[in-house]
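S.K.: Handing you a structure now.
The values are calculated or read from the model by the stated rules, or taken from the named source; none is laboratory data. These numbers come from a predicted model, not from an experiment. Neighbour counts are summed over all protein chains in view; Cβ atoms, including those assigned to glycine, are modelled from backbone coordinates with ideal geometry.
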Amino acid sequence: MDGVRELARLVLPTQFGEFQARAFEVSSGLVYLALIKGDVGGGGTVLTRLHSECLTGDALGSLRCDCGVQLRLALRRIATEGRGLLLYATGHEGRGVGLVNKLLAYVEQDRGADTLDANRRLGLPVDARNYDDAAAVLHAVCVGSVRLLTNNPAKVKGLRAAGIAVERIEPLQTAAHHRNLSYLRTKQRRFGHVEPLGHLPDAAPSTPPDVTGLLGKLEPPAGRPYVVLTYALTLDGRIATAVGDSMRFSGQEQRCVSHALRAACDAVMVGVGTVLRDDPQLIVGLVPGISPLRIVLDSTLRMPSTARMLDGGPVTVVLTTDRAAESDRERLQALGAGIRVVPASPAGVDLPAALGVLREIGVRTLLVEGGARVITSLLGDRLVDRLIVGTSAKIVGAGAEAVGDLGIARLTQDISLHNRCMHVTADDVITAWDVA
Ligand SMILES: NC(=O)c1ccc[n+]([C@@H]2O[C@H](COP(=O)([O-])OP(=O)(O)OC[C@H]3O[C@@H](n4cnc5c(N)ncnc54)[C@H](OP(=O)(O)O)[C@@H]3O)[C@@H](O)[C@H]2O)c1
């Protein structure tokens, strides 16, 4: 393509899964980074985000704008759909006026100007961006028709003028923080943007525990992720009480370890039984860290629409089978879940196939948090690489066992564990083992 030169092509693992990253230099000398999910060059309309660089919002978490939230929301939408493209425009900082001018405009805003008048006071253009280069890069990756993730009508107009068919506009509505509410209102009132909604920032985190020893060597075998199985037991060996309650087994330190384990892995997985019983959110909240992909094994899509895993946080992917009703697939997809159909097994979802799919979508390390049936299936299929068990100072008597029948009749057939690591907290003892 004239004026567009590809500089690098590589796989970029992100918290939203793997993307193919392609860097392009355009005739003006600016660099555009295309993050591509799935096959986008084969024709058809592609879910696309053209994202203007915003160092403060994207990288530093600034609350003066909604750029970082939009960036992550767009990547999430693309990851959920399994096909799409995010084009990151490095020359578009501050609507094209550059970082320092943008910061100077912030100073003017602190003196009372809105985001539009601040630029005028400084003698800067209100919006200096041009969309011809972005269109040229889209053509270079063989994308000519898009569903554009944007709130900004100027982007739609600019891309259309440069020959890209914008088939549909998909708004990226985020929750307003009280610090950027007036900025978002100005964009709506004076730039014609769509009404923003909102999303509050996470609670203040604490110091994370070092869980590298517990996790072991983290080397994935061929064709599937490295599987870390973890659960919490009472001192008398129960995973839950007789009525299925397991929510408050562990002390606060062990819960922080659990969150640090999640933050270290590409994805965290449970069976639908745990979703129905405990309704976990499976995010990283107790330590600073990134929440991983969330995976549910659910062969007939019993997952309720109210499940907290469908809360709009990290991507949730449900692994199901052709035994699930099409209406349930649509129901969960409409709530933002990714659905992948894999072969069935007597236990539900065929685990080797499911793990193969996870590896294909870029999951190299998988933390499995139960419950009992999933633990039993994974151990029975010899698909566990590392086992991490927290034992709590509680006795509950009759209750649910962590591991069911594995068909082991003789001790010579047992699953042996080695390479132990131990972590002792005030309330719990956590042991980790390689599983042979
Ligand atoms: N203490 C802890 O650390 C901890 C952690 C998690 C859960 N729990 C407790 O465990 C209990 C839930 O355990 P659970 O056994 O009922 O639920 P589970 O293991 O979370 O989910 C089991 C369900 O997952 C689906 N599934 C799909 N493929 C499967 C496969 N290959 N193998 C196994 N299951 C598969 C099946 O439903 P379909 O046939 O419909 O697909 C199956 O009934 C709750 O009481 C919960 O509190 C404790």
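S.K.: Can you tell me which of (1) in a loop (DSSP other than H, G, I, E, B); (2) near the ligand (Cβ under 9 Å from one of its atoms); (3) surrounded by fewer than 20 Cβ atoms within 10 Å (Cβ to Cβ); (4) not aliphatic (A, V, I, L, M) is the one Arg373 doesn't meet?
M.R.: (1)
S.K.: Could you tell me whether Arg329 is more than 13 Å from the ligand (Cβ to nearest atom) and touching an Asp or Glu at 6+ places or on another chain (Cβ under 8 Å)?
M.R.: No: the conditions fail for Arg329.
S.K.: Okay, next question. Cβ-Cβ distance below 8 Å, separation of 6 or more or different chains: which pairs start in the range 88-99 with a residue that is assigned by TED's automatic domain parsing to the domain that holds Asp58 and part of a loop (DSSP other than H, G, I, E, B) and end on one that is among the hydroxyl-bearing types (Ser, Thr, Tyr) and at pLDDT 95 or above?
M.R.: Glu93/Ser52; Arg95/Ser52; Gly96/Ser52
S.K.: I need a count of the residues in the range 283-331 that are crowded, with 23+ Cβ neighbours inside 10 Å and of a type in the set (Lys, Arg).
M.R.: 1
S.K.: Oh, and also: Select, from Val368, Val429, Val363, the only residue that is buried (at least 19 other Cβ atoms within 10 Å of the Cβ), β-branched (Val, Ile, Thr) and touching a Ser or Thr at 6+ places or on another chain (Cβ under 8 Å).
M.R.: So the residue among Val368, Val429, Val363 that is buried (at least 19 other Cβ atoms within 10 Å of the Cβ), β-branched (Val, Ile, Thr) and touching a Ser or Thr at 6+ places or on another chain (Cβ under 8 Å) is Val368.
S.K.: In the list Val287, Val272, which residue meets the criterion of being within 29 Å of Ala393 (Cα to Cα) and in contact with an Asp or Glu (Cβ under 6 Å, 6 or more places away or on another chain)?
M.R.: Values: Val287 fails: in contact with an Asp or Glu (Cβ under 6 Å, 6 or more places away or on another chain).
Sole residue among the options that is within 29 Å of Ala393 (Cα to Cα) and in contact with an Asp or Glu (Cβ under 6 Å, 6 or more places away or on another chain): Val272.
S.K.: Another one. I need the full set of residues from the range 376-401 which are part of a helix (DSSP H, G or I) and small (Gly, Ala, Ser), in order please. Before the answer, list the steps.
M.R.: We begin by selecting, within the range 376-401, every residue part of a helix (DSSP H, G or I); these are 376-380.
Within the range 376-401, Ser377, Gly380 qualify.
S.K.: Counting residues that are under 21 Å from the mean Cα position of the chain (by Cα), within 15 Å of the ligand (Cβ to nearest atom) and not hydroxyl-bearing (Ser, Thr, Tyr), which strands (runs of 3 or more DSSP E) fully inside the range 210-306 reach at least 1?
M.R.: 226-234, 267-271, 293-297
S.K.: Follow-up. Of the residues Asp434, Asp350, which single one is of a type in the set (Asp, Glu), buried (at least 16 other Cβ atoms within 10 Å of the Cβ) and more than 14 Å from the ligand (Cβ to nearest atom)?
M.R.: Asp434
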